[in-house]
Amino acid sequence: MGEKAAVLVTAAGGIIGEGIIKSLRLANKKRGATSYEVLAADASPQAAGLYRADEGFLVPRASEQDYVGRLVKIAKENDVRAIFVGADEELGVVASAAGRIRKESGAVTISNSKETIAIGSDKWKTYEFMKRNGLPRAESALPKDRERFVKEFGFPFIVKPREGYGSEGFHNVGGKGELDHAIEAIRRMGWRPMLQEFLAEADNEFTTGVTVGRGKKVMSSISMRRSLKGGQTYKAFIDDFPDVRKAAEEVALRLGGSGPVNIQARMAKGEPKLFEVNPRFSASCPIRAAAGVNEPDILYRNFVLGEETRTRGYEKLVCLRYWNEVYLPYKDYAKAKKTGKVSGSASWIPDYF
């Protein structure tokens, strides 16, 4: 890029925000020189990403009135070129304020439109969209149609929230009693339940990352077969998987994507059935970056620099995830709580493993 560009990553304490930071750091290393100055924001001083960034900032929660104003202030004072959104809760808020953020600070929001986010953030609307467009999907129903659904598909099947992410609120039900309990449990969480057919081939779950440029063209797609733990990818097998990639690309384009789109599918009788679409960066984006498809870097170059990238090849890899730690002096943590800012990396990241 020929410059050191300041970028801001929100929700730096979550696995998505941390993944974006990792990908940007990897982009710097691949070029042999620092290209991104990574700033991080989070509502909690306990967010590890704040201490792994070049600078960290405490901000209100996305539901609070001052949230967007604080982002604008940080972006303006630090000449931020782009903002990457690191949490589902912030997607709609930041996308709706993209015009204001650009006007008042000059920063570009790397995000899909609020209309695309509204569909992808509601799993029932996602299902209706895929059904309307004749796309391969896991059949679903609302609780009012439970009797018909049980008659058609039988037990077991899945009950999950239309909202939410990961495995939170996820139930595999094997009978009427379990079905009624799952529906009420999700409602008590303040969410809306839906029913979805059980795709039994558990070893054939795939996650695919697609980047769609501003010209509504696919710039990259990469699929991995994965194993889950706590709703997150913890083992990944990156290969070509052309049928899965093709189906994911079609969904991303039909959805009107402009930015990152992450799509989940399982193989059923040799056909990929899609069951979830997330119009955002994925927690597994650093795994894709390691294989040669760095989605935050690709989208920065397109959204900010106007470059049109077409990435097809990537390295076949096996990824085995494990936990790591960040340590910092207590005085630095106390200072961050008091001032709302972290200047420079005050952390020690172990390198003994």
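The values are calculated or read from the model by the stated rules, or taken from the named source; none is laboratory data. Because the structure is predicted, anything quoted here is derived from the model rather than measured. Neighbour counts are summed over all protein chains in view; Cβ atoms, including those assigned to glycine, are modelled from backbone coordinates with ideal geometry. Accessible surface areas use protein heavy atoms only, side chains included; no ligands, DNA or RNA. Shrake-Rupley method; radii C 1.70, N 1.55, O 1.52, S 1.80 Å.
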Legend entry - Enumerated strands (runs of 3 or more DSSP E) restricted to the stretch 1-88, each holding at least 1 residues that are open to solvent by less than 60 Å² (accessible area, probe 1.4 Å) and among the aromatic types (F, W, Y): 36-42, 55-58, 80-84
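Which one is surrounded by the fewest Cβ atoms within 10 Å (Cβ to Cβ), of the residues in the stretch 333-353 that are of a type in the set (A, V, I, L, M, F, W, C) and farther than 26 Å from D79 by Cα?
F353
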Inset, instruction - Look at the stretch 303-313 and say how many of its residues are in contact with a helix residue (DSSP H, G or I) (Cβ under 9 Å, 6 or more places away or on another chain), in contact (Cβ under 8 Å) with a residue 40 or more places away in the chain and not polar (S, T, N, Q). - result: 1
Inset, instruction - Select from the stretch 259-277 the residues that are farther than 23 Å from E168 by Cβ and crowded, with 19+ Cβ neighbours inside 10 Å and list them in ascending order. - result: G259, P272
Legend entry - Only listed residue being over 22 Å from G19 (Cα atoms) and of a type outside the set (V, I, T), chosen from S96, S111: S96
Legend entry - Neighbours by Cβ (under 7 Å, 6+ apart or cross-chain): first from the stretch 314-332, closer than 20 Å to S284 by Cβ and open to solvent by 70 Å² or more (accessible area, probe 1.4 Å); second at pLDDT 90 or above and assigned to a loop (DSSP other than H, G, I, E, B): E315/A291; E315/G292
Inset, instruction - May I ask you to list the residues in the stretch 89-137 that are of a type in the set (D, E, K, R), farther than 23 Å from E64 by Cα and surrounded by fewer than 16 Cβ atoms within 10 Å (Cβ to Cβ)? - result: K125, E128, K131, R132
Legend entry - Among the residues listed as F157, F198, F206, the single one being farther than 25 Å from L91 by Cβ, under 25 Å from the mean Cα position of the chain (by Cα) and touching a residue at least 40 places away in the same chain (Cβ under 8 Å): F198
Legend entry - Pairs, first of a type in the set (A, V, I, L, M) in the stretch 137-151, second open to solvent by 30 Å² or more (accessible area, probe 1.4 Å), C-beta under 6 Å, six or more apart: A138/K273; A138/F275
Legend entry - Output for the stretch 238-258, where each listed residue is open to solvent by 30 Å² or more (accessible area, probe 1.4 Å) and touching a Leu at 6+ places or on another chain (Cβ under 8 Å): E250, R254
Legend entry - Residue in the stretch 138-145 that is open to solvent by less than 10 Å² (accessible area, probe 1.4 Å), modelled with pLDDT of 95 or more and touching a helix residue (DSSP H, G or I) at 6+ places or on another chain (Cβ under 7 Å) present: yes
Legend entry - N28 modelled with pLDDT under 95 and of a type in the set (S, T, N, Q): yes
Legend entry - Search result, residues across the stretch 264-301 that are more than 18 Å from K246 (Cα to Cα) and touching a Lys or Arg at 6+ places or on another chain (Cβ under 6 Å): P286
